[in-house]
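This report refers to the structure that appears directly beneath it.
Please treat every number below as a calculation from the coordinates, not as lab data. Being a predicted model, the structure only gives us computed values, none of them experimental. Every residue, glycine among them, receives a Cβ derived from its backbone with ideal geometry; neighbour counts consider all protein chains shown.
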């Protein structure tokens, strides 16, 4: 049995080596997949994305007002306002066809409308800064000089043609869509990371089954893993439940190795009982077992294996909370390393109560984090058994308790990650 720190370093090391060698079932880099902006959210961009044009693509007004030549406004004062003839109006989406005349002429302009071409208009005076001639829409007065470029959005001021918008290796987030959509990018190349999920246990029935036979339980960990993997942004597929049938497990794994996912996750059958066949099956398939059993609670029987030139396999314990811990603290760091992401550092908070823990085990406890005037506080909730899902609904964080010691005191600072 190894420590969590050793297991974590092993996971990250294997992930980084796989990432350098490329994604895919046999170590070949999986070709990127082109996805629409909505479908690509949460996935990793494989190539630098460049602006194919400038944005704005034309000089336009940042305000509702009047476009004019700034040099003609230099003598304006409140006591002696300068008169301009308003020769037209242009709204967003319009183009002024009439060529402005030379002299003290202005054009009424709306926010986003293109600056009229063919004249030296180089500024916009806000509508609230002019005086309009009563009874006439063709005369207006300005009382202060206008600076060149005032209230104008210049072509390329936001994005310049050829500049990098999204660098390779970045996870696409909704705010990126603002930039990409505004520049006409509809599809992006993303990295495909494929994960296969297998449940085990003859007692499992689909979670959709309404009536349970004696001894049966609904499969909750399969749907949980599929939901968690979707949130990460990988392509996940559920391959069903293997009952207590080692031969069927070998057959399914053989097919999966041909199919070539990047990660295989199993739940259950990973301890040392009569019907725990995952370890033996992986050995029979000549997988390299990096570790089996880690000094943690819950989830101690967890297993991590690797196929040469192929996927890795996480064998997670079947109890639902053990599965959740295995995903958050083992599978997720691996996926993030493969995708080139950094795992966020844990937060810290003070315990609100005394708590006893087992010596020598890194413990992941369901907890409730909340801010207070004295700083962040953390309460470990009742119901820590690995089968108890109800207490997860009361929690919003995992408390991470160190291996050392058996007793934590109120006020002790501990690490946490939010659920």
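Below are the figures for this structure:
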item: GNM top mover of 215, 268, 326 - the chain, alpha-carbon springs below 10 Å; result: 215
item: Shape category assigned to segment 281-419 from the gyration tensor of Cα positions, a/c cut at 1.5; result: prolate
item: Degrees, to the nearest 10: 221-232 long Cα axis against longest axis of the chain; result: 30 degrees
item: Helix 4-21 vs. the chain, principal-axis angle (Cα, 0 to 90°, nearest 10); result: 60 degrees
item: Max mean-square fluctuation residue, GNM over the chain, Cα-Cα springs under 10 Å, options 244, 129, 48; result: 129
item: From the coordinates shown, semi-axes √(5λ) of the Cα gyration tensor in Å corresponds to which of [x] 36, 27, 19; [y] 63, 27, 18; [z] 31, 27, 18; result: [y]
item: For segment 347-418: rounded, prolate or oblate by the Cα gyration tensor [a/c cutoff 1.5]; result: oblate
item: Estimated distance in nm for a label pair at residue 83 and residue 418, the labels positioned 7 Å out from Cα along Cα-to-Cβ; result: 6.3 nm
item: Most fluctuating residue given options 236, 123, 287, as computed from a GNM of the chain linking Cα atoms under 10 Å; result: 123
item: Tensor-based shape of segment 232-356 (alpha-carbon gyration tensor, a/c under 1.5 rounded, otherwise prolate or oblate); result: oblate
item: Extension gain from residue 243 to residue 175, taking 0.36 nm per residue of separation minus the Cα-Cα distance; result: 20.0 nm
item: Share, in percent, of DSSP beta bridges within the chain that are antiparallel, nearest 5; result: 65 percent
item: Rounded tilt (10° steps) of 246-259 against the dominant C-alpha axis of the chain; result: 30 degrees
